[in-house]
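Remarks on the structure that follows.
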Amino acid sequence: MKIQRSRPVVQRLAELFDIKRANDIINMELFSLTEGSITVLEEPDRLESYVEWLMTKPKVSALFRDRQAAYIYTFVRSMLQSVGRRLDSDLLEAIMIRIANEGRVFSKADLADDPYYKNIVLPEKLSGSFKLGSQHYDSYELAAYDVYGFDRKRFLMLPRLCYFSERFDYPSISEKRGEGFVTWMSVTPNEIFTMRKHIEAASGRVLTLGCGMGYYAYLVSNKENVESVTIIEREQSVIELFTENILPQFEHMDKIKLIKADAFDYINTISDGEFDCCFADIWVGAMDTETYCRLKAACCRFRKMKMSYWIEEAFIFNFRGYLFLALLEHQAKQSGMPFDKSALPELPGEYTKRYYEELVRKIDIRLPDDIENTLRPENILKAINKIKL
């Protein structure tokens, strides 16, 4: 890593750190509201009246993308009262308005035309230790409908939040744990939005690593330009639930081939060009960076087969955080300032560490703009794609 020690570079790094600190505080609070617990607005009438008042203020209403953004702003702002005491109010407002402009308010009708929701009916039944059926979002329950967005101007990671104006049911499979059941797989709006670009890109002979509840396989198999869909799944229980309850409802079952195998074992057996594209979805969520990195390394040999990775943006954001802290540590060493080593990320595994070390080794910052270019998600992804482990 090389960083030019100059006042403009030091100043810009400090500015970006202040923005990131505020951004991280807000995002951690919002993560706890959408993932850690069920957050439901208890007084929706007050939300309606406050938004009506906001929209009468031209200077305020002009800040929002549309009326939906004003609803999201009011909803989320009411949940983050404690954050306001820890952050500069102007910066807090700037971040909250940008988060609001990424938000959505859904009704049932907004997703009624999704082919999977329309055509795949999961029977309400018990199957061994699994319960098939549905779960739901309550009206005015806060959720994340997509991966983070990125504001290039303010250099912010923006959670994409939503709520439904009415109860919304979605298909799910739960597993018995102790005395109750825990969600094992589901097809939420988040699943739909995070897979859209991958479904649009699929064509020809498609390979998909991971079966889940078959959302990707179903949508892709319905495309005229898709010749076949080969699903790799290692869990026998997933295969049985899918083949018995979901696959028979596919309009194009003839396109589907299901193989019981480990994704890493299988990917090493195929030749480049055997499939036209491959979609990988073998991780639980955004914290499983190591599995993503391991698969990324295994697939770097492919040139003819186009690879796509579910929620790859989230893993790139993880690396962005790792690199930011590496820059701060380096700057502290150059300045002779103390640096809390506990602030450095605990990398989750060997492959993540190797990618991280390669990214850090190639950092070369001479001007303030180089800091932003180094930390832009698209540039981090380009750099990772060039690394061969």
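Please specify each residue of the range 18-63 satisfying the condition of being at pLDDT below 85, out of contact with any Leu (no Cβ under 7 Å at 6 or more places or on another chain), outside any helix (DSSP H, G or I) and of a type outside the set (Val, Ile, Thr).
SER37, GLU42, GLU43
Just to verify a result, which residue in the range 255-298, among those that are in a loop (DSSP other than H, G, I, E, B) and surrounded by 16 or more Cβ atoms within 10 Å (Cβ to Cβ), is modelled with the lowest pLDDT?
Checked the range 255-298; the qualifying residue modelled with the lowest pLDDT is ALA286.
Out of the residues in the range 1-17 meeting the condition of being in a loop (DSSP other than H, G, I, E, B) and out of contact with any helix residue (DSSP H, G or I) (no Cβ under 6 Å at 6 or more places or on another chain), tell me which one is modelled with the highest pLDDT.
Looking at residues that are in a loop (DSSP other than H, G, I, E, B) and out of contact with any helix residue (DSSP H, G or I) (no Cβ under 6 Å at 6 or more places or on another chain), I get SER6.
Return yes or no: is LYS304 at pLDDT 90 or above and part of a loop (DSSP other than H, G, I, E, B)?
Yes: the conditions hold for LYS304.
Taking the condition of being within 30 Å of ILE97 (Cα to Cα) and either of a type in the set (D, E, K, R) or not in a helix (DSSP H, G or I) (or both), how many residues in the range 149-198 meet it?
Of the residues in that region, 27 qualify.
Any idea how many residues of the range 361-380 are surrounded by fewer than 16 Cβ atoms within 10 Å (Cβ to Cβ), in a helix (DSSP H, G or I) and either touching a Phe, Trp or Tyr at 6+ places or on another chain (Cβ under 9 Å) or charged (D, E, K, R) (or both)?
Of the residues in that region, 4 qualify.
Here is a list of conditions, (1) under 22 Å from the mean Cα position of the chain (by Cα); (2) more than 30 Å from ASN245 (Cα to Cα); (3) surrounded by 13 or more Cβ atoms within 10 Å (Cβ to Cβ), and TYR117 meets all of them except one; can you say which number that is?
Failed condition: (2).
When only residues in the range 88-137 that are assigned to a loop (DSSP other than H, G, I, E, B) and in contact with a Lys or Arg (Cβ under 8 Å, 6 or more places away or on another chain) count, which is nearest to GLY180 (Cα to Cα)?
So, considering only residues that are assigned to a loop (DSSP other than H, G, I, E, B) and in contact with a Lys or Arg (Cβ under 8 Å, 6 or more places away or on another chain), the one nearest to GLY180 (Cα to Cα) is SER129.
Being surrounded by fewer than 21 Cβ atoms within 10 Å (Cβ to Cβ) and within 30 Å of PHE106 (Cβ to Cβ): is that true of LYS197 here?
Yes; evaluated as a whole, the condition is true for this residue.
Is there a residue in the range 142-152 that is farther than 23 Å from ILE311 by Cα and surrounded by fewer than 19 Cβ atoms within 10 Å (Cβ to Cβ)?
no
The values are calculated or read from the model by the stated rules, or taken from the named source; none is laboratory data. It should be emphasised that the depicted structure is a prediction, and the values quoted were computed from it without experimental measurement. Methodologically, a virtual Cβ is constructed for each residue, glycine included, from the backbone with ideal geometry; neighbour enumeration extends over all protein chains shown.
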